[in-house]
Every structure is written in structure tokens, then in C-alpha cells.
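Working notes, beginning with the structure itself.
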Amino acid sequence: QRQMCIRDRSAIVNFPYREMIGSLQWISTITRPDVARNVNFLSRFLSKPVTMARVDAGKKIIKYLLSSLREGISYSPSNEEAFLEDYSEDGDGHKMPKSVHHLFNGASFASSIDNYYSNSGSVLFVHGTPIAWRSGRQTIRATSTTEAEWIAASDGLTWVKLISCPVSYT
């Protein structure tokens, strides 16, 4: 009778973890933003000993990427038309003015359990296609969900201003 081998997930292993995370960082930055949050989370452990659990988590991201090779961001007139139809009204059913640019912002209140900072995220769409995105910890501590959302809106508008009007240092 074969005995199953159960791995100790907290055991320290010899694995090129730093190289794996570096490659995943490059992929998430260049072509696959859908894995950025998970890769960034795993990168927090680069200075810690490599455990089997961390290696397995990185391998799961790689398996996901391999299983979704055909996924990606693309533009088509029909996608733009569907996007503009979906976002032609506000939450109360009022018609919105037509625009080529759409900025979406959001926040998760006190999501960092170590220090109770909130996270913000923004996505900029042009012609119904995402062209730029960002996420990160807010620089000030919000005291409510509403305040976290206002901070996210402010962060998003500041970010769009920075990417559309870069400062030149000459």
C-alpha cells in the first residue's frame, strides 16, 4: 500500500522564489494587470525564508496565466459601443454627457490589518478600453468608508492629472 506524502507547507525550501516573483512582476506590469495584486502580495515576502506555501502560491499564479493565455485587453468598436451604452446613465437613471474618457475609482476601507490604512484603485478607460490603472495604500488614514472613497476619488483625479500632464525636469 502506497503511503501519501504530505508536504509541510511551512518548511523552508531551496527554490528561486525571487526570480519567479520578478518574472511575475514584469508580466503583471506589462501585460497582465489582473494578477498584480496577488504578485505584489507575494513580493512582500522576498526578504523572508522561502516556504513551500509561498512557492505553491506563485505556481498557482503561473498556472492561472497559462490557462488564460488568450485573455487580454483589446479595442473594438462594438466593445466601445457596449461600454458607452452601459455607462450612459448615472446611478439615478439620468443621462450622462458623452465622453471618450472614463475614470473609475474605488477604495477598501481599513483593509490593511496591520495599520488600518485603506487601499485605493483607479482605472482610466479611453473609448471603452482600459489604458491605465493603479492601486495602492492611501497615504492618510480614513475614519469611515465614505472618507476612504473620497480619498480614492482625489487620488484618482491627481493620478490622471499626473499621467496626462507629466512634469518635465529640465
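The values are calculated or read from the model by the stated rules, or taken from the named source; none is laboratory data. Here the structure is a predicted model, which means the values were calculated and not measured. When we count neighbours, we look across all protein chains shown, and the Cβ atoms used for this are built from the backbone with ideal geometry, even at glycine. Side chains are part of the model used for accessible areas, which takes the heavy atoms of the whole protein and leaves out ligands, DNA and RNA. Shrake-Rupley method; radii C 1.70, N 1.55, O 1.52, S 1.80 Å.
Considering all different alpha carbon pairs of region 68-110, the Kirkwood hydrodynamic radius works out to 13.0 Å. Shown for the chain: the carbon plus sulfur share of the solvent-accessible area, taken with all protein chains present and a 1.4 angstrom probe, equals 57%. Once the cut-off is 26 Å, how many percent of the Cα-Cα pairs in the chain end up in the long-distance tail? Tail of the P(r) past 26 Å holds 49 percent of the pairs. Given R0 = 30 Å, the distance between the Cβ atoms of ILE113 and THR31 translates into a calculated FRET efficiency of 0.45.
For the chain, the solvent-accessible area of protein heavy atoms averages 74 Å² per residue (probe radius 1.4 Å; ligands and nucleic acids excluded). Among the trypsin sites (Lys or Arg not before Pro) in region 1-75, which ones are in a DSSP loop with at most 15 other Cβ atoms within 10 Å of the Cβ? Mind listing them? Passing sites in region 1-75 are ARG2, ARG7, ARG9, ARG44, ARG70.
Only lysines eight or more places from LYS161 in sequence, or on another chain, were considered; those with a Cα closer than 27 Å are LYS95, LYS98. Semi-axes of the equivalent ellipsoid for region 1-75, computed as √(5λ) from the eigenvalues of its C-alpha gyration tensor and ordered from largest down, come to 27, 17, 8 Å.
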